[in-house]
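Colleague: This is the structure I have questions about; it appears just below.
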Ligand SMILES: Nc1nc2c(ncn2[C@@H]2O[C@H](COP(=O)(O)OP(=O)(O)O)[C@@H](O)[C@H]2O)c(=O)[nH]1
Ligand SMILES: [Mg+2]
């Protein structure tokens, strides 16, 4: 097997080199990131995988801090001999200054020489100053292709156009914009494609990496949708039997707790799916959503905030857990209204209950969760999925959330799959008498198509 392509991630201190690597490796704990200069003092290696194989090696390097000083030294070292770029770099690396004042720069240049190409990370908010030109001139002496990566392009006031102009003047025409905190959905593809044109020998490897990462991303969002659909089925199907009227409050509390716990489980699973927060809570991993989980699901306030219209007759209290009266194996009309989505097939439903529950529940009441709560759960979890889709693993602060198509979940007709779940109490994994069935799985798969995430399909 041929050697893995090696990429040195280089650039000015604080440009976001370590952050870029966090996002590319999907590891929010890679290296150390800080606003203080010179946080990364050593070269640190990491591998990117495709289908379980390591396919690319990346090296995080310390920042170049004194390009102007180093340029002066290089002039001195040039002498009369007219050395070419790599010769001059070797001279510098052999000089005492490479172990002294320019120790950091020496580490960077050594890594560049040992790599197939360099990613030159730029804080695109920085004015285009002479020191950057010097930095690029020194790096180009390593005789390795260099791909400038414009970071911070999601921050207002960036100078992407000025940077592109300057880079073009230096002969660097392949440039990619990649914000490590809020990367564009196709950002990685563009980055690796551009790299493939620069290191032709590894073009196929990079293409393979791009394809496998795109496939993983697609599988991830599909899995996310399915997890949300499963939560909705669990909640819509949930029924707790009230065998003794005096226990109504206790059963209601149990019903709410089961739903709240189920939501927390979903949040944890989604965070894990997106490689976030293995040892963080959702508030740390996703500060932009901080506190949302604390908004009680069963409060009228939470419903209002999410814009969920609560139907007539469903007062805040009633939204908490709707009672369904099972009188002699059937539903009372009041209960039928609660199951709005079922209204059309009411009598069918009644007979269904009759079959399913038989005489056992005659005269008993059951508590279930109102549609408004199901809507709220769908909205909250959809927003979380959307945020995870858009968040780079370098993010440390708030990221604004693009609105998803939420209208259908706010006040539109609920998907038929949910009505189906309503009449299958055994489909609720948080209820009593749970049975996983092929029918339940098919309903979850169907429902996951109704979970909207503002992610354009990946182009072939
Ligand atoms: N908003 C925003 N902040 C970033 C971005 N990239 C890096 N940062 C922040 O910039 C600072 C320096 O980043 P770091 O990765 O340590 O830079 P390095 O010195 O080049 O490794 C840290 O506070 C990062 O959180 C970005 O694309 N957008
Ligand atoms: Mg760093």
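All of the numbers you see were taken from the coordinates with simple rules; none came from a lab. Please read these numbers as outputs of a predicted model, since none were measured by experiment. Neighbour counts are summed over all protein chains in view; Cβ atoms, including those assigned to glycine, are modelled from backbone coordinates with ideal geometry.
Colleague: For the range 1-116, taking Cα atoms only, what is the radius of gyration to one decimal and the Dmax to the nearest whole Å?
Modeller: 15.8, 52
Colleague: With each label point set 7 Å from Cα along the Cα-Cβ vector, what nm distance links residue 68 and residue 268?
Modeller: So the two model labels end up 5.4 nm from each other.
Colleague: How many nm separate the modelled label positions at residue 249 and residue 193, each set 7 Å beyond the Cα in the direction of the Cβ?
Modeller: The two pseudo-label positions are separated by 6.3 nm.
Colleague: Give, in nm to one decimal, the length gained when the segment between residue 211 and residue 169 is fully stretched (0.36 nm per residue of separation minus the Cα-Cα distance). Walk me through the intermediate numbers first.
Modeller: Values: separation 42, 0.36 × 42 = 15.12 nm, distance 3.27 nm.
Between residue 211 and residue 169, full extension yields 11.9 nm more.
Colleague: Treat the count of other C-beta atoms within 10 Å as a stand-in for reagent exposure and order 202, 452, 173, 158 from fewest to most.
Modeller: Starting with the residue having the fewest Cβ neighbours, the order is 173, 452, 158, 202.
Colleague: At a 10 angstrom cut-off on C-beta neighbours, averaged per residue, how do the peptides 180-192, 18-30, 365-377 rank from highest to lowest?
Modeller: Going by the mean number of other Cβ atoms within 10 Å, highest first, we get 365-377, 18-30, 180-192.
Colleague: May I pose another question? Taking every pair of Cα atoms in the range 6-198, average 1/r, invert it to obtain the Kirkwood radius, and report Rg/Rh to two decimals.
Modeller: Result: Rg/Rh = 0.95.
Colleague: Spin-label point model (7 Å from Cα, Cβ direction): what's the residue 41 to residue 90 distance in nm?
Modeller: 3.1
Colleague: Take the Cα pairs of the range 169-226, get the Kirkwood Rh, then feed it into Stokes-Einstein at 4 °C and 1.567 mPa s and tell me D in µm²/s.
Modeller: The diffusion coefficient I find is 101 µm²/s.
Colleague: Sticking with this one: So what are the range 233-280's ellipsoid semi-axes, whole angstrom, largest first, if each one is the square root of 5 times an eigenvalue of the alpha-carbon gyration tensor?
Modeller: That gives 31, 11, 4 Å for the three semi-axes.
Colleague: Please give the peptides 222-234, 242-254 ranked by average Cβ packing (other Cβ atoms within 10 Å per residue), highest first, as a rough proxy for protection.
Modeller: 222-234, 242-254
Colleague: Quick one: order 13, 61 by neighbouring beta-carbon count within 10 Å, fewest to most.
Modeller: 13, 61
Colleague: Next question, about the same structure. What base-10 log of the normalised intensity I(q)/I(0) is obtained for the range 81-170 from the Debye formula, alpha carbons as equal point scatterers, at q = 0.11, 0.17, 0.23 Å⁻¹?
Modeller: So the normalised log intensities are -0.36, -0.78, -1.15.
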